[in-house]
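The block underneath contains the structure these notes are about, expressed in structure tokens.
Please treat every number below as a calculation from the coordinates, not as lab data. Model, not experiment: these values are computed from the prediction. Reconstructed Cβ throughout: ideal geometry from the backbone, glycine too, with neighbour counts over all protein chains shown.
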Amino acid sequence: MTHRKTYAELEAETRARYPSGQTPGGVTVEDIVQLKIQNTWNTHLDIAREMAGVMRADMAAYDADPTRFTQSLGCWSGFHAQQMIKAVKRMRGTARGTYVYLSGWMVAGLRNTWGHLPDQSMHEKTAVVELIEEIYVSLRQADEVALNDLFKTLKAATTEAERAAAIAAIDGFETHVVPIIADIDAGFGNEHATYLLAKEMVKAGACCLQIENQVSDAKQCGHQDGKVTVPREDFIEKLRACRLAFEELGVDQGVIVARTDSLGAGLTQKVPVSQHPGDLASEYIKWLKTDPITAENPMREGELALYQDGQFVKPVRLPNGLFPFKAGTGRARVVEDCIANLTLGGADLLWIETDTPNVDEIAAMVSEIRQAVPNAKLTYNNSPSFNWTLNLRKQVRSQWIAEGKIAEGDYPEGNELMKADFDATELGREADARLQRFQHDISTRAGVFHNLITLPTFHLTAKSMDELSRGYFGEEKMLAYVSTVQRQEIRRGVSAVKHQHEVGSDLGDTFKEMVGGERALKAGGHANTMNQFAAE
């Protein structure tokens with residue numbers, strides 16, 4: 001982290017300017033110091049520069065010890081991000097190793113002006129930038145509120161020991177600001193459009209950009225069908241566009257996550273031009289599905305031909321003009337994509353979009369990639385698109401049958417395995433144990449530096465509103481709110497239970513005192529109902 005000036009350093013600097021202890025207008029040195037400490041960064045670009053360094057340090061720590069992986073949850077508002085970081089700090093005492101993931105899916109689904117849209121890059125580009133900005137405004141406000149409380153303690157100190165302890169708490173305060181991994185989809189256009197958007201995202205505070213190798217105007221969610229990838233040289237140009245945006249803005253340690261959707265993408269939009277055998281284009285073209293040219297299948301007007309392995313063949317072309325790949329080639333294309341993205345595109349982290357959460361399969365792909373790039377590291381999507389319960393139970397069942405531990409008829413084969421009837425069975429408990437250690441296993445065995453869940457706050461909001469609505473509009477009425485929300489906030493120490501304080505009411509009172517003294521009209525008096533929570 002960048003060196004922060006201490007309370008003593010700032011006080012000395014300010015007092016040197018105002019030896020009397022206040023400005024000609026009557027503003028005190030102490031109040032100036034407080035505001036300077038609360039305003040650590042002048043711009044969000046400063047945040048991007050510092051958080052890039054945090055990510056780089058975390059990556060180095062992971063290289064030394066793969067149990068030190070990092071985590072994030074996808075957040076679709078600044079408040080979600082703020083409450084996540086507060087919860088982590090409350091639990092661990094630190095937010096180190098915790099990031100915020102900004103999901104393009106959730107921007108499309110929840111943050112654009114055209115309604116709830118699918119993950120197909122149809123949302124406004126500005127909505128992504130605005131969410132990055134909003135998240136950092138919320139995290140910085142969490143800092144301001146917490147530091148204001150510490151300064152209140154300092155002002156209330158009556159002894160030198162109490163004052164020294166309060167200043168030590170201020171100097172030792174750990175920010176709520178953490179790195180954001182921001183989804184730039186497939187770049188929202190050509191490489192120049194990608195560069196322009198990347199710059200705006202970085203200026204908003206993003207130290208890490210995640211970009212995928214799909215065609216911008218045919219972009220699909222990574223867990224849907226119909227995905228179309230671009231030739232590798234096209235994608236490398238977009239990786240370079242992101243790098244140039246970082247470099248231009250002085251974010252020298254900016255991090256790029258190169259995502260490949262090739263495992264589930266069976267189509268490409270164009271056939272790249274190969275200059276010589278073994279180049280990027282030929283390595284991409286070799287996977288195209290082709291038909292032999294024969295008397296029964298001759299070349300026809302408007303068709304294309306490729307020269308491969310000493311003969312001419314026709315690439316299969318669909319009515320929409322897209323070219324399909326050979327079936328079963330996705331895994332090989334993923335490995336080649338990843339190596340090219342690291343060695344030629346300058347990516348820092350990989351993202352392999354998979355169709356199931358299987359540690360062994362991902363570890364096998366990473367093992368191949370690491371033969372070419374030994375320190376290859378991944379970001380992995382612990383996606384809500386997976387039915388985690390069913391997937392893990394099926395994996396345990398298959399393994400136990402192969403090992404002879406159970407017979408095929410001991411547990412059902414299909415979706416019936418999802419039933420609650422199996423929750424307390426030996427198989428159900430083993431699947432849950434594997435779920436609990438999944439992130440540890442995938443990080444230590446498959447090179448996953450960062451584990452994220454893309455859409456948790458989407459599902460959490462839906463589930464929580466369903467739970468509250470069923471009770472409140474049903475039989476429980478106010479008991480539903482109190483038992484499921486407020487009582488839990490109080491008992492778990494969730495600071496948002498004091499909702500006025502959470503959004504800066506006390507912060508506002510402090511500022512009024514700074515400029516108005518005893519004339520300040522404050523909200524935090526005896527009539528403030530937040531006092532009912534003072535003992536909690």
Bins of 10 Å, starting at 0 and running to the largest distance - Cα pair percent for region 112-226: 13, 31, 22, 14, 12, 7, 1
Hey, can you rank 396-409, 203-216 by average C-beta count inside 10 Å, highest first? 203-216, 396-409
Stokes-Einstein D (µm²/s) once Rh is taken as the Kirkwood radius of region 250-324 over alpha-carbon pairs, at 25 °C in 0.890 mPa s: 167 µm²/s
Among the aspartates and glutamates, which have Cα under 13 Å from the Cα of K286 when same-chain residues fewer than 8 positions away are ignored? D309, E336
Where the convex hull is taken over the Cα atoms of the chain, what is its projected area averaged over directions, in nm²? 33.8 nm²
Degrees separating the helix 78-92 axis from the principal Cα axis of the chain, which is the longest one: 80 degrees
Semi-axes of the equivalent ellipsoid of region 23-179: what are they in whole Å, largest first, if each equals the square root of 5 times a C-alpha gyration tensor eigenvalue? 34, 21, 14
Going down the table (K152/K498; K419/K498; K238/K326; K86/K227), which pairs top 28 Å between alpha carbons? K419/K498; K86/K227
Rank the residues D46, D65 as a footprinting-exposure proxy: fewest other Cβ atoms within 10 Å of their Cβ go first. D65, D46
Counting only other residues whose beta carbon sits under 10 Å from that of Q38, what net charge do I get with K and R as +1, D and E as -1? 0
Point-charge dipole on Cβ atoms (K/R +1, D/E -1) for the chain, about Cα centre, debye to 20: 620 debye
Global form of region 54-111, assessed from the alpha-carbon gyration tensor, a/c cut-off 1.5: oblate
Within 10 Å, count the other beta carbons around each residue, average over each peptide in 346-355, 270-279, and list them highest first. 346-355, 270-279
If each residue's Cβ is checked for other Cβ atoms within 10 Å, how do F151, F511 rank with the fewest at the top? F511, F151
Counting only DSSP beta bridges with both partners in the chain, the antiparallel fraction in percent, to the nearest 5, comes to 25 percent
Quick one: which residues, 5+ away or cross-chain, put their amide H under 5 Å from the amide H of W351? H built at 1.01 Å from N. A258, R259, T260, T379
Would you mind ranking Y18, Y411 so that the residue whose beta carbon has the fewest other beta carbons within 10 Å leads the list? Y18, Y411
Need the list of aspartates and glutamates near K477 for cross-linking: C-alpha distance under 16 angstrom, and skip anything on the same chain fewer than eight residues off. D466, E467
Sum of side-chain charges, P19 neighbourhood, beta-carbon under 14 Å (Lys, Arg +1; Asp, Glu -1): 0
Which net charge results when you count Lys and Arg as +1 and Asp and Glu as -1 among the other residues whose beta-carbon is under 13 Å from that of R4? -4
